[in-house]
Amino acid sequence: MSPRSPKDSSNGSDEEKRKFINYGSTASSTAVEVTEGSSFDETSHRSRTNPQDSDEMKRTWCLPPLGNNCCSDCLVGLLRWIRHMSIFSVVVMGGIFVFLVVHVIWFLIAHGGVNLFNRHGYVHVSHPQVIPTLFSIQNVDDSSSGVPLVNALHNPLYDELRQASFHYDSRNSGHLKEGEEAVALTVDRQELHGGDPLTVSWKYGRNHRGRPVLQPQDVMALYCHNGADDADLTASLIQSTTQLLEIATIAEIQATHQQTILEQQLKNKDKTTSTHHVMRNSKGGKKDNQSIWFIPHFPVYRYSTCEFIVYQRKNVGPALSTPTTQLHYLASSGPIHLTSVTSPFGIHLSGTEHPTEMRVSFSTGSSGTPVASFGTENPPKTNRVTTGTSTTYGASDLCMEPANLTEPGKFSSPGILHTVVMTNLQPNTTYYYKVGLEHGQGVAWSQVFSYVSPLLPGDDSSFSYLVYGDQGCPLDGWSKGGAWTAALAKTQVPQVRAVHHFGDLSYARGAAHMWDAWLAMVEPYASKLPYHVAVGNHEYDYTAGGGDGKDPSGAGLENGFHPEWGNFGDDSGGECGVPTAKRFTMPNSPDSNGVFWYSHEFGSVHTTVLSSEHGLFIGSRQFEWLVADLASVNRTITPWLVVEVHRPLYESEKAWDQNAVGIAMRFDIENVLYDYKVDLVLSGHYHAFLRTCDGLFRNRCHNGGPLHITIGTAGAPLDNKELYETEWTTNYIRSSYGYGKVTVANSSSMLFEFISAGTEDDNATGTVLDHVWIKRNR
C-alpha cells in the first residue's frame, strides 16, 4: 500500500499526541480486497505493516514501540545542538528542563493516578479502589484520609497478626473474682447456609473495678474449617492462621454494624422490612453491657464449620511491625455448622465447540462426583444424569504476592471446581437442569434452573445478547454499579441469549473472597445464560513468578508480558490468570487457548475473543491463531464477524499511556481485521462508554473497517476524563453504568444499544442512552 504521511506536529505535547492518535486521517489509502473464502496472504500483510508508515509516525511522535532508531536520532540531533551553545545557555536550559520535568511528574501524580514509580517500574493508569475485607469492615482509623473501608490487601491489623502471639487461657471458664463478669459471645443461629443472615451478640464483661473487660481496640476473629468438632477445636483454631478468615477490632465491627443498619433502612424505606430484628440496638453501641453485629449475608460457603472468637489485645506497641502484641482468648461463639459445604455455588453456563451442548460449572466445599440432571420437563427427570470433572488450585499455584499469601484478606481456598457438559440438545429449545455433588450420603442438588439451547450456526433468526467489561464485586462500600448492572441484566432473561464479559471480572487482585462475592452476584443470570469471558489486566497481568508452568496461558514468561511500549503492571495481584482459567471453561475452537483466546458461533454470528494481555504481533502464537480463525469463517453461514478484546484499539480519553497501547495494537492487527472485514470490535478497560464512527480504518471513518465500541461501564469506578480531539469519536458517555445490548436482526442488520443501569427507583435505569444500526451489504 502507498505510504501515508501524518500531519506535522509542532504545537506541544498534547497537540502532538492528538495528531499521533489521528495519524493517517487525511491520507488516502489503497484497499486490498480479500474475497470471502479466499486464503489470507500473510506475506502481503507483513509487507503492509509499512516500514514507511512507521518512519513517518516516528517523526511525528517519538514512541518506543515504533523503533529503536527514533530515540537515538533525536539524541544525536540534541547533542549537536547543545555543542553550539554557550556554557551559560546550557546551564539555563538544563535548569529549565529539570524544572519542567519535576512539575510534569507532580502534575501527573496529582491529577489522575499515573503511577510513574510503582515498585516494578511499569507505567500504568490505575483506578485506585479499596478491596473490601470478607465482611466489608468499616475503617475507623482517623489517618485513613476518609477511606470508608478497611483494605483487605493493606490491613494494618492483618500485618500486626503476623507478629502477634495468641494465648488460650481459662479466664472465662469459671475462675472469676467477686464482682467480675465474663465476656460472652453468642450467635442467633448455630446452623445456616452460606449467604443467610446471622446476628452476633456479645457481652463486654466486667472486671473487679466494674469496668468493661472488652475494649474498642480488642478484636473478634472468624475461623472456618472442614472437619469434625472436638473438645480441643477452639484451642487448635487459635494456633492456625490458615483457617483465620477475618479479624477486626470491636470499634470496627460496631461501625460496620451501623453502616449495615443504615443501608438496610435506605433499602427498605417505604417498605415493610421482614428483618425487624436488625433494628434492635441499631446504633451498634452498648446496651445493658451488650452489643450486636448484624451480618445480612454470611459470606462463607465452602466450609463445614465456623466459629467466632473474641480476644483481648494487650501490649500493642507504637509500631505494628514490633512483635509486642498479645491476643488473649476471652470467649467463643461455639461452632456454627454450614449446610452449604456440599451445595453447588457460583453456578454459570458456557457454550462448547458443539452447538448441541451446554457446559455448567460450579464449586463445592467438599469433593465428590459432579452430576447434572437435565431435560425439557420441569423438574428434569433424575434418570437423565451426566457426570463431569473436577479440579482446584492452591496458593502455591499462583504467581506472586498478594495472591499466594495464606493469610486473611489474601488467598482462600476456592473449594472444588466442577464442570459438567449437557449433550445431545435440540437447538433453540428450553431445558431445565439442576447440578449436584454425589457423595456417600447421596446427591446434594441445587435448585432447578432453565436455559434455551443455542441456535445452530447458519440460523438467521433474530436474537440479542449482552456485552460489557469491567464489573467488579458487590461488596458493601465498593462501587454499586456492578450490582446495578447485574440486577438489570437479570431482568433480561430469557429475552437475551448470552452474556459476553470481556475482561476485568471480579477485580479480586489477590483477595480471593472477591471471586465468591462476584460469582454470587452474577449467578442469577449466569446460571440461565451462557456467560463467556475474556481476560483483562486485572485477571492476568503479573511481574514475577510465571515460570515453571504457573502461567496457565502457556506463555512461558517468568515476569509476564511487558513490551517496551506497554503499561502492563501487576494488576492481577499475582493471580496471573489462574483463578479465571480454573473457574471458566470456554468453547474449544481449533488451536485456541482456553479463556485467553478462542472463538464460537451462535446463529449468524462468529465471535473471536482475544487477549490484549498477550502478544498480538506478527509471528506470535495469538496472531497466527487469529489469522487462521478469521480465515476459517464461512461468511455465508455466519455473515457477522465480531471481535472482543479487553483493551480497545481506538479510544480518545486523555490517558496517553493507555492510548499508546491501543496504537500498538492497531499496528499489530488492524490490517488483519480490515482484510477479513470484521464488522464490530467490542472492548472495555476504559471505565466509560465510547463509540467510534463505522468503517474505521487507519483513523479514517467509512474506510472499510469495523465499528469500535468501548463498554467498560459494568461496575468499576467510572472515568471522568476529557477527550483528545479526534475525527472518529462519535459518542462518549462517562456518567452512567450500564451494558451493551447487541440485537442481530438478520444477516445484514445489527442494532447496538447502550443501556443505563442504576437503582430500582432510578427512572433512568433501563434507558437507552445510545444506539446505532450496523448495516452491511452482503
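For segment 431-441, the count of residues that are at pLDDT below 95, surrounded by fewer than 19 Cβ atoms within 10 Å (Cβ to Cβ) and not in a loop (DSSP other than H, G, I, E, B) is at least one.
Residues of segment 469-481 include none that is under 19 Å from residue 417 (Cα atoms), open to solvent by 10 Å² or more (accessible area, probe 1.4 Å) and not in a helix (DSSP H, G or I).
Residues in segment 271-313 that are modelled with pLDDT of 50 or more and polar (S, T, N, Q): 289, 290, 291, 304, 305, 312. Here 376, 389 are screened, and the one residue that is surrounded by fewer than 17 Cβ atoms within 10 Å (Cβ to Cβ) and within 27 Å of the chain's Cα centre (by Cα) is 389. Apart from one condition, residue 630 fits all of (1) part of a loop (DSSP other than H, G, I, E, B); (2) surrounded by 17 or more Cβ atoms within 10 Å (Cβ to Cβ); (3) over 24 Å from the mean Cα position of the chain (by Cα); the exception is (1).
Looking at segment 579-609, which of its residues are of a type in the set (A, V, I, L, M), farther than 15 Å from residue 504 by Cβ and buried (at least 24 other Cβ atoms within 10 Å of the Cβ)?
So in segment 579-609, the residues of a type in the set (A, V, I, L, M) come out as 581, 586, 595, 605, 609.
Applying the additional criterion that residues be farther than 15 Å from residue 504 by Cβ yields 581, 586, 605.
The one that is of a type in the set (A, V, I, L, M), farther than 15 Å from residue 504 by Cβ and buried (at least 24 other Cβ atoms within 10 Å of the Cβ): 586.
Does segment 388-406 contain any residue that is within 30 Å of residue 201 (Cα to Cα) and touching a helix residue (DSSP H, G or I) at 6+ places or on another chain (Cβ under 6 Å)? The answer is yes; a qualifying residue exists.
So, residue 625, is that one touching a residue at least 60 places away in the same chain (Cβ under 8 Å), within 28 Å of the chain's Cα centre (by Cα) and open to solvent by 10 Å² or more (accessible area, probe 1.4 Å) or not?
Details: touching a residue at least 60 places away in the same chain (Cβ under 8 Å): no; within 28 Å of the chain's Cα centre (by Cα): yes; open to solvent by 10 Å² or more (accessible area, probe 1.4 Å): yes.
Judged against the criteria, residue 625 is not a match.
What residue, of 524, 552, is part of a helix (DSSP H, G or I), open to solvent by 40 Å² or more (accessible area, probe 1.4 Å) and either farther than 22 Å from residue 682 by Cα or modelled with pLDDT of 95 or more (or both)? Of 524, 552, the one residue that is part of a helix (DSSP H, G or I), open to solvent by 40 Å² or more (accessible area, probe 1.4 Å) and either farther than 22 Å from residue 682 by Cα or modelled with pLDDT of 95 or more (or both) is 524.
Would you call residue 415 touching a residue at least 12 places away in the same chain (Cβ under 8 Å), at positive phi and buried (at least 19 other Cβ atoms within 10 Å of the Cβ)?
On the way: touching a residue at least 12 places away in the same chain (Cβ under 8 Å): yes; at positive phi: yes; buried (at least 19 other Cβ atoms within 10 Å of the Cβ): yes.
The answer is yes for residue 415.
Going by the structure shown, is residue 476 at pLDDT below 95, of a type outside the set (Gly, Ala, Ser) and in contact with an Asp or Glu (Cβ under 8 Å, 6 or more places away or on another chain)? Answer is yes for this residue.
Selection within segment 201-235: residues that are open to solvent by less than 10 Å² (accessible area, probe 1.4 Å), out of contact with any helix residue (DSSP H, G or I) (no Cβ under 8 Å at 6 or more places or on another chain) and closer than 16 Å to residue 337 by Cβ. The member of this set that is modelled with the highest pLDDT is 222. Selection of segment 528-549 for residues being free of Cβ contacts under 8 Å to residues at least 40 places away in the same chain and part of a strand (DSSP E or B) yields an empty set.
In segment 442-467, what residues are β-branched (Val, Ile, Thr) and modelled with pLDDT of 95 or more? Before you say what the answer is, go through the steps one by one.
So the first thing to find is which residues in segment 442-467 are β-branched (Val, Ile, Thr), and the list is 443, 448, 452, 467.
448, 452, 467, listed by residue number.
A quick yes/no check of all residues on (1) over 19 Å from residue 485 (Cα atoms); (2) among the acidic types (Asp, Glu); (3) open to solvent by 40 Å² or more (accessible area, probe 1.4 Å):
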| site | (1), (2), (3) |
| --- | --- |
| 700 | yes, no, yes |
| 703 | yes, no, no |
| 714 | no, no, no |
| 717 | no, no, no |
| 726 | yes, no, no |
| 736 | no, no, no |
| 750 | yes, no, no |
| 757 | no, no, no |
| 760 | no, yes, yes |
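Could you tell me whether segment 653-660 includes any residue that is among the hydrophobic types (A, V, I, L, M, F, W, C) and part of a loop (DSSP other than H, G, I, E, B)? Break it down stepwise before answering.
Within segment 653-660, the first condition is being among the hydrophobic types (A, V, I, L, M, F, W, C), and the residues that meet it are 655-656, 660.
Next cut, part of a loop (DSSP other than H, G, I, E, B) only: 655.
Scanning segment 653-660, I find at least one residue that is among the hydrophobic types (A, V, I, L, M, F, W, C) and part of a loop (DSSP other than H, G, I, E, B), so the answer is yes.
Within the span defined as segment 483-494, one or more residues are in contact with a Gly (Cβ under 8 Å, 6 or more places away or on another chain) and more than 25 Å from residue 607 (Cα to Cα). In segment 706-724, the residues that are at positive phi reach residues that are surrounded by fewer than 24 Cβ atoms within 10 Å (Cβ to Cβ) with C-beta atoms within less than 7 angstrom, at least six apart or across chains, in these pairs: 715/479.
Of note, residue 114 does not satisfy the criterion of being of a type in the set (A, V, I, L, M, F, W, C), at pLDDT 90 or above and open to solvent by less than 70 Å² (accessible area, probe 1.4 Å).
The values are calculated or read from the model by the stated rules, or taken from the named source; none is laboratory data. Being a predicted model, the structure only gives us computed values, none of them experimental. Heads up, the Cβs are rebuilt from the backbone with ideal geometry, glycines too, and the neighbour counts pull from every protein chain shown. Side chains are part of the model used for accessible areas, which takes the heavy atoms of the whole protein and leaves out ligands, DNA and RNA. Shrake-Rupley method; radii C 1.70, N 1.55, O 1.52, S 1.80 Å.
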